[in-house]
Amino acid sequence: MTILVTGATGRVGSQVVQQLVKRGASVRVLLRDPAKADFPAGVEVVKGDLLDIDSLRAAFQGIDTLFLLNAVAGDEFSQALITLNIARESGVERLVYLSVLHSDRFVNVPHFAVKLGAERMIEQMGFSATILRPSYFIDNEHMIKDVIFNHGVYPMPIGGKGVAMVDARDIAEVAAIELIRRDQAPGKLPLQTINLVGPDTLTGADVAAIWSDVLAKPVVYGGDDPGAFEQNLATFMPKWMAYEMRLMAERYVSDGMIPEAGDVERLTKLLGRPLHSYRDFAVGIAPAA
């Protein structure tokens, strides 16, 4: 049985492919540009995208299970709904969908609302699905590491309530486990939602303190100013996307991104190992002394 992976060249999707291959799964990936393919031997590459109906139909031929990951984009909702419809049309009923933590609460944030809409469609259409709701990705910090290293400032306005940042490796491994469980099940499994969080719920000050310790020099938290965050992002990304990131940051500041009781224990049991921590990540990317 073959699993189709979308978003396969990204930080999460590429590791999902690796985890599936490691577990002996038959994997097909859908790529806009097959020239960018760099996958383990045996992974089948199909050219296309989530708005190309003909390529989607071709990609779904012979597929049993889908990993649906579509990135933040102006047409993200169309991508998700079209893909789900083509999956159903093609007889694919088993899937794992990458949503976001608090998709049902942070509904003023466009990509959270989009993912909630896709979750509702998955439920209403009766898919045998696991919905994964990850928190803020620790790996996002690659984008700001130079500011931390060179200026001694942690610039992400994550606030003082706390964010349970999650490592992409943990996201990918849980996704692979769930994909194989669904793919190999003798029949339809019930809908399930899993929150993907890190082992620690950290404030902006907490993160700055970790970096201060790891780098052995002072690092300060840049403060709770989503407006300044938006202005900075707008210098290198579309303004609509920068504004959307501001809305997300405002919710980090006002609400935090806090796990539910038992989330960490559930993930630790599922993976059979401890979750990767923010400190682990910081130590791993810190420049050599």
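Here, each number is a calculation from the coordinates, and none is a lab measurement. Predicted, not measured: the structure shown is a model, and the values here were computed from it. Using ideal geometry, Cβ is built from the backbone for each residue, glycine included, and neighbour counts are taken over all protein chains shown.
Evaluate the relative contact order of the stretch 133-268 (contact order divided by residue number), counting alpha-carbon pairs under 8 angstrom at least 6 apart; express in whole percent.
Working: 185 pairs, mean separation 49.7, N = 136.
Relative CO of the stretch 133-268 lands at 37 percent.
What percent do you get for the relative contact order of the chain when only Cα pairs under 8 Å and 6+ apart count? Mind showing how you got there, number by number?
Values: 533 pairs, mean separation 51.6, N = 289.
So the answer I get is 18 percent.
What percent antiparallel are the DSSP beta bridges of the chain, to the nearest 5? Intermediate results must be reported in sequence, preceding the final value.
Numbers: 1 of 31 bridges.
Taking every DSSP beta bridge within the chain, about 5 percent pair in antiparallel fashion.
Let a ≥ b ≥ c be the square roots of the eigenvalues of the Cα gyration tensor of the stretch 102-187; is it rounded (a/c under 1.5), or, if not, prolate (a/b larger than b/c) or oblate?
The shape class here is oblate.
Of ALA242, ALA80, ALA185, which has the largest mean-square fluctuation in a 10 Å C-alpha GNM of the chain?
Fluctuation is largest for ALA185.
What is the mean projected area of the alpha carbon convex hull for the stretch 1-143, to one decimal in square nanometres? Let's see the in-between values first.
On the way: hull surface 34.8 nm².
Dividing the Cα hull surface by four gives the mean projection, 8.7 nm².
Using just the Cα positions, wrap the stretch 39-104 in a convex hull and report its mean projected area in square nanometres, one decimal place. Display every interim value, and only then the final one.
Numbers: hull surface 22.0 nm².
The number I arrive at for the stretch 39-104 is 5.5 nm².
Would you mind calculating the relative contact order of the stretch 141-209 from Cα pairs under 8 angstrom and at least 6 residues apart, reporting the percent as a whole number?
On the way: 48 pairs, mean separation 33.7, N = 69.
Reported relative contact order: 49 percent.
Using a 10 angstrom cutoff on alpha carbons, build the Gaussian network for the chain and name the most mobile of ILE82, ILE158, ILE122.
Highest fluctuation of the listed residues: ILE82.
Rounded to the nearest Å, what's the spacing between the alpha carbon centres of the stretch 7-61 and the stretch 182-259? Just the number, please.
Going from one Cα centre to the other spans 27 Å.
Hey, what do the phi angles of the stretch 90-100 turn into as Karplus ³J(HN,Hα) couplings, whole Hz, using 6.51/-1.76/1.60 and θ = phi - 60°, x for Gly and Pro?
In residue order, the calculated couplings are 8, x, 8, 10, 10, 7, 10, 10, 8, 9, 7 Hz.
Please check: in the Gaussian network model of the chain (C-alpha springs, under 10 Å), which one of VAL253, VAL197, VAL72 has the largest mean-square fluctuation.
Of the options given, VAL72 has the highest mean-square fluctuation.
Which whole-percent values make up P(r) of the stretch 122-250 when all C-alpha to C-alpha distances are grouped in 10 Å steps starting at zero?
Reading upward from the zero bin: 12, 32, 29, 17, 9, 1.
Once every Cα of the stretch 21-63 carries one equal point scatterer and solvent is ignored, give the base-10 log of I(q)/I(0) from the Debye formula at q = 0.20, 0.25, 0.29, 0.32 Å⁻¹, two decimals.
Debye intensities relative to I(0), on a log10 scale: -0.64, -0.89, -1.05, -1.14.
Would you kindly compute the Cα radius of gyration of the chain and its largest Cα-Cα separation (Dmax), both in Å?
19.1, 57
Rank these for me by crowding, THR83, THR203, going from fewest to most other beta carbons within 10 Å. Mind showing how you got there, number by number?
Working: THR83 26, THR203 17.
Result, fewest neighbours first: THR203, THR83.
Note down, for the stretch 177-289, the three equivalent ellipsoid semi-axes (square root of 5 times each alpha carbon gyration tensor eigenvalue), biggest first, whole angstrom. Numbers along the way, then the final one.
Numbers: eigenvalues 206, 99, 40 Å².
In descending order the semi-axes read 32, 22, 14 Å.
Report P(r) for the stretch 232-278: all Cα-Cα distances, bin width 10 Å, range 0 to the bin holding the largest distance, values in whole percent.
In order of increasing distance, the bins hold 22, 28, 26, 22, 2 percent.
Calculate I(q)/I(0) for the stretch 190-244 by the Debye formula, one identical point scatterer on each C-alpha and no solvent, and give its log10 at q = 0.23, 0.26, 0.27 Å⁻¹ to two decimals.
After summing over all Cα pairs, the log10 values are -0.91, -0.94, -0.95.
Roughly how many Å is it from the Cα centre of the stretch 85-115 to that of the stretch 268-289, as a whole number?
28 Å
Please give every one of the lysines within straight-line cross-link reach of LYS269, meaning a C-alpha to C-alpha distance under 25 Å, and leave out same-chain neighbours fewer than 8 residues apart.
Within the straight-line cut-off, LYS269 pairs with LYS22, LYS188.
Say a site is exposed when it is one of the trypsin sites (Lys or Arg not before Pro), sits in a DSSP loop, and has at most 15 other Cβ atoms within 10 Å; what is then the longest site-free stretch of the chain? Intermediate values should be presented prior to the final figure.
Details: sites that count: ARG23, ARG32, ARG105, LYS188.
So the longest stretch without any such site is 189-289.
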